[in-house]
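The values are calculated or read from the model by the stated rules, or taken from the named source; none is laboratory data. Bear in mind the structure is a predicted one, so any value in this text is a computation, not a measurement. Note: ideal-geometry Cβ built from the backbone for every residue, glycine included; neighbour counts use all protein chains shown.
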Amino acid sequence: MSKKLKIAIYSGQIPSTTFIESLIKAVAKTHQVILFGSQTKAVNYNSTNIIIHKTPKGNGLKLLYNTWRSLKLVVRRPRDLWHLLKDVNKHPSAYKKWQAYSRLLPMVLYKPDIIHIQWAKSLEEFMLLKIQYNIPIILSLRGAHINYSPIASRALAKSYRKNFPQVTAFHAVSDAIGIEAQKYGAPPDRITVIHSLVPQVFLDAYQPIQQRISKPFKIISVGRPHWIKGYPDAIYAIAALKKQGFAVTYQIIGMDTPDEELLFLIAELGLQKQVTLRGNVQQAELIKIMQDQDALLLSSLEEGIANVVLEAMAIGLPVISTNCGGMSEVVIPNKTGFLVPVRDPEAMAQAILELYALPISNLQQQIQRAHNLIKTKFNTETNMATFLTFYENIYKK
């Protein structure tokens, strides 16, 4: 494509997640990337194709930015400013009007060719950009925002049903989550599945198992303290293993704030020596910790495709996962890992015992197949090329 597109990749924060940062850098090799949102720390992209239009958090600075941007817009396209003011005035409170105006003003002023929104919950506010200014909107479909948030909130489900049919195109991280979005009116022919990207550092850290798993059997989970992660089920599985006399340790990484419910459960089951809750760690440290484990356990009730499972498979760590969301697309029983029913501690415990008993040759084959799957299906270079084609096809329409 000869035309250099102006593509806004919006997550609300600059810099964003590892996946989004990788996407930004890849797209900027061919097109211009515009970043809107709050800048939480300094970042140097070393690319003239990446332009940051940040919005300050403090109201004083925000007022200065808004005044300057409003003046520029009224000189360039006064009708656009009038439409924006009219739309944000529909919000019920002065605070919400101010927040919406601050977020949308730079997007209307700098008017990208495409805006790619990363979180479905924020879609409603940005639909004005498509309806009023004819900017194509791409929405990424990710686990929490699709699988359970609209179930927990009727208002959100209503918003999805209203807005999904008007979205230009959807990016889904798994086949399963694309199907879930169709329940809220996402047209199937507008959904493109592009899998998450596994950073090369995890593939480079691949360590095939050379000997049998040692005792105690070391299990790890990684994720935020949220009920959707199903950690109580995992802890009950550890209790069942302890009762059988199986030596096991289990640590959960990502507990930056103490989870009183889990701490109480651990104490009630007498698992203080077996179960450890840890805060977040840097990527390099996490890789080292994972390399020292015998298995990764995903006990979630819902997921798109959990990045931590992909990362574990990339480095050669055996995986046991619940059969939720799109996990069965990557965790294939007897081939790339162990899949167990949701909310079934006994099945988790049994899968751990089966993994422990697996002959070393079978385990080596399983780990190699899982690693190869990540290398081919979640390859950064291939998936980034797919994203570029995706954007260019949307613009041509």
Contact list, first residue from the range 225-245 and more than 15 Å from ALA349 (Cβ to Cβ) and of a type in the set (Gly, Ala, Ser), second anywhere and modelled with pLDDT of 95 or more and in a helix (DSSP H, G or I), beta-carbon distance below 9 Å, six or more apart or interchain, is none
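This table checks each residue for (1) touching a Leu at 6+ places or on another chain (Cβ under 9 Å); (2) more than 20 Å from ILE394 (Cα to Cα).
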| site | (1), (2) |
| --- | --- |
| LEU5 | no, no |
| GLN32 | yes, no |
| ILE52 | yes, yes |
| PRO56 | yes, yes |
| LYS72 | yes, yes |
Those residues of the range 295-309 that are aliphatic (A, V, I, L, M) and more than 16 Å from the chain's Cα centre (by Cα) come to a total of 3
How many residues of the range 271-319 are out of contact with any His (no Cβ under 9 Å at 6 or more places or on another chain) and either hydrophobic (A, V, I, L, M, F, W, C) or assigned to a helix (DSSP H, G or I) (or both)? The answer is 26
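Show me the helices (runs of 4 or more DSSP H) entirely contained within the range 93-212 in which 1 or more residues are in contact with a Gly (Cβ under 6 Å, 6 or more places away or on another chain).
Numbers: elements: 94-110, 123-131, 143-147, 149-152, 154-163, 175-182, 200-204.
Where helices (runs of 4 or more DSSP H) fall fully within the range 93-212 and carry at least 1 residues being in contact with a Gly (Cβ under 6 Å, 6 or more places away or on another chain), they are 143-147, 154-163, 175-182.
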Original post:
Mind checking whether some residue in the range 200-222 is surrounded by 16 or more Cβ atoms within 10 Å (Cβ to Cβ) and of a type in the set (Asp, Glu)?
Top reply: no
PRO345 meets each of (1) free of Cβ contacts under 8 Å to residues at least 40 places away in the same chain; (2) in contact with an Asp or Glu (Cβ under 8 Å, 6 or more places away or on another chain) with one exception, condition (1)
Yes or no: THR336 at pLDDT 95 or above, more than 29 Å from ASP175 (Cβ to Cβ) and polar (S, T, N, Q)? no
Within the range 340-352, residues assigned to a helix (DSSP H, G or I) and surrounded by 15 or more Cβ atoms within 10 Å (Cβ to Cβ) come out as PRO345, ALA347, MET348, ALA349, GLN350, ALA351, ILE352
LEU265: passes all of (1) free of Cβ contacts under 8 Å to residues at least 60 places away in the same chain; (2) crowded, with 22+ Cβ neighbours inside 10 Å but (2)
